[in-house]
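The values are calculated or read from the model by the stated rules, or taken from the named source; none is laboratory data. For clarity, every value in this text was computed on a predicted model and none was experimentally measured. Note that each Cβ is placed from the backbone with ideal geometry, even for glycine, and that neighbours are counted across all protein chains shown. Ligands, DNA and RNA are excluded from the accessible area calculation, which covers all protein heavy atoms including side chains. Shrake-Rupley method; radii C 1.70, N 1.55, O 1.52, S 1.80 Å.
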Amino acid sequence: LAAFLLPLTGLAAGACQEAFRQMASGGSAGLAACLKATLTRGLEHVAARAMILLVGVLASACLVVPGVAVWVGSLGVHPILADGRARLGEAFQAAGREGLRQPMKSLVVFLVRLLLLVVAVVNLHLLLGAILWVAENLAGFDVALLGISLSPSNPVYDVALVLVAWMLLVPYAEAADYLLHVDARARFEGLDLWDRVQRFYPRVRKTRAGLICLGVAGGMLWLGGARADELADVQSARKEVTAIRNEVAA
């Protein structure tokens, strides 16, 4: 279960990011469409999740501050990977730049996520303990082996419990990461202005704009031809007036 949940959390993160992107653009965020789009970059999502977990745990084992810095600097990896414009290394670099641009927001989001993860792990452990108590005392089953296996002293159980809690919190966590990513791009890359430009001048209106431009150009050419005719009439009238003046003078 522990070995299966680690790649599954990466795929779940990519699917959630794809769903948020589809909803933000006004598309349909169906499960099949999100999973299909995620599987095209699924290996990178899984590798990113494994690298974040491995480097974060190793850094936290040495010192707390480097571990927190690794986690905070990698919050935007999955939104950047879901965008499809960057590879794995470029996504980590871009996420690090976003974390440096707004460190306090990223730190608060990380701490809240960590607190929720701890609460979820404790609640899951208490729920399993209650299920074992009911199975042993009310149903009469022998759950001694399960009680030993599902104890906090079992590291495999602890890892599986953390990953299950992480899996349950993936939608909330990825929503926070997506909003942080969009906020960073809107503030530092002008994404809001570009969105307004695309909204008011969509690509669909290019043909309509082209027809309008052709109509205006044709009207200008027609007006130019009409003004040329008027100018010729004026010049011929002036010639006639000049001839009459010469005759009168003679």
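Can you name the condition, by its number, that Val108 falls short on among (1) part of a helix (DSSP H, G or I); (2) at positive phi?
Checking Val108 against (1) part of a helix (DSSP H, G or I); (2) at positive phi, the one that fails is (2).
Taking Trp71 and the conditions (1) open to solvent by less than 40 Å² (accessible area, probe 1.4 Å); (2) closer than 18 Å to Leu179 by Cβ; (3) touching a Gly at 6+ places or on another chain (Cβ under 8 Å); (4) of a type outside the set (Asp, Glu), which numbered condition does it fall short on, given that it satisfies the others?
Only one criterion is unmet by Trp71, namely (1).
Given the structure, is Ala217 farther than 19 Å from Val77 by Cβ, at pLDDT below 75 and open to solvent by less than 60 Å² (accessible area, probe 1.4 Å)? Can you show your working first?
On the way: farther than 19 Å from Val77 by Cβ: yes; at pLDDT below 75: yes; open to solvent by less than 60 Å² (accessible area, probe 1.4 Å): yes.
So Ala217 passes the test.
If you take the residues of the stretch 74-101 that are open to solvent by less than 20 Å² (accessible area, probe 1.4 Å) and outside any helix (DSSP H, G or I), which of them is modelled with the lowest pLDDT?
This residue is Ala86.
List the pairs whose first member sits in the stretch 73-102 and is free of Cβ contacts under 8 Å to residues at least 24 places away in the same chain, whose second member is open to solvent by 60 Å² or more (accessible area, probe 1.4 Å), and whose Cβ atoms are under 9 Å apart, counting only residues at least 6 apart or on separate chains?
That search, which allows pairs on different chains as well, returns Ala86/Gln93; Arg97/Phe188.
Please enumerate the residues belonging to the stretch 147-165 that are within 30 Å of Leu54 (Cβ to Cβ), in a helix (DSSP H, G or I) and of a type outside the set (S, T, N, Q). If you could, list the steps in order and put the result at the bottom.
Taking the stretch 147-165 and keeping what is within 30 Å of Leu54 (Cβ to Cβ), we get 148-165.
Next cut, in a helix (DSSP H, G or I) only: 148-149, 155-165.
Hits for the stretch 147-165 are Ile148, Pro155, Val156, Tyr157, Asp158, Val159, Ala160, Leu161, Val162, Leu163, Val164, Ala165.
Testing Ser149 on (1) touching a Phe, Trp or Tyr at 6+ places or on another chain (Cβ under 7 Å); (2) open to solvent by less than 40 Å² (accessible area, probe 1.4 Å), one condition comes back false. Which one is that?
Unmet for Ser149, out of (1) touching a Phe, Trp or Tyr at 6+ places or on another chain (Cβ under 7 Å); (2) open to solvent by less than 40 Å² (accessible area, probe 1.4 Å): (2).
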